[in-house]
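Below: the structure, in structure tokens.
The values are calculated or read from the model by the stated rules, or taken from the named source; none is laboratory data. Note that the structure is predicted; figures quoted are calculated from it, not measured. A quick note on method: Cβ atoms are made from the backbone with ideal geometry, for glycine too, and the neighbour counts reach across all protein chains shown. Note: areas computed on protein heavy atoms with side chains; ligands, DNA, RNA excluded. Shrake-Rupley method; radii C 1.70, N 1.55, O 1.52, S 1.80 Å.
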Amino acid sequence: MGKRWQAPLAVNVLLGVPGIVPIWLVSYFAANWPLAALGLTEGEPTENDGVLPWVLIAGPILVLFGLVWWLANRPLRRRTLLTPGAYWLLSIVATTLPTLTLITISWGRN
């Protein structure tokens, strides 16, 4: 019972370290465009380059990370005894742990 979640947890926490970059890119994009348009955040005043840099730079980074994440998790999912819902929830939460740790550390310094 206890070993059902250890390998997916370890793999996804390790994937979460380079995953800090795409997670940050998504949060930056969301804060500057859709959330700012809804009035929920204030956009960066110097961010006026449009969407082309996002397509050319962030797009490949997000696609590459998503592909690596999926290819790493697909064989693990077949080998684990966890239900699909529990497996994917564990994988997503474990991947975000390094980013959440950095956010927590930065909030503690303020």
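Observations on the model:
- log10 of Debye I(q)/I(0), alpha-carbon scatterers only, for region 1-87 at 0.15, 0.21, 0.24 Å⁻¹: -0.71, -0.97, -1.13
- Among 13, 21, 55, residue whose mean-square fluctuation peaks in a GNM of the chain (springs only between Cα atoms under 10 Å): 55
- Think of a 1.4 Å ball rolled over the protein heavy atoms: the chain then has 70 Å² of accessible area per residue.
- Among 48, 12, 32, residue whose mean-square fluctuation peaks in a GNM of the chain (springs only between Cα atoms under 10 Å): 48
- Accessible surface of the chain [probe 1.4 Å, protein heavy atoms]: carbon and sulfur percent: 73 percent
- Among 53, 45, 84, the largest mean-square fluctuation in a Gaussian network model of the chain (Cα springs under 10 Å) belongs to 45.
- Note on residue 107 and residue 7: the model spin-label points, each 7 Å out from Cα along the C-beta direction, lie 3.4 nm apart.
- Dividing the Cα radius of gyration of region 36-80 by its Kirkwood radius returns 1.25 for Rg/Rh.
- Around the amide H of residue 41, modelled in the peptide plane, lie the amide H atoms of 36, all under 5 Å away and 5 or more residues distant in sequence or on another chain.
- Screening the chain for whole DSSP H helices with an alpha carbon extent of at least 30 angstrom along the helix axis and a mean Kyte-Doolittle hydropathy of at least 0.0 yields 59-79, 84-109.
- Relative contact order for region 16-110: 47 percent, from Cα pairs under 8 Å spaced at least 6 residues apart, divided by residue count.
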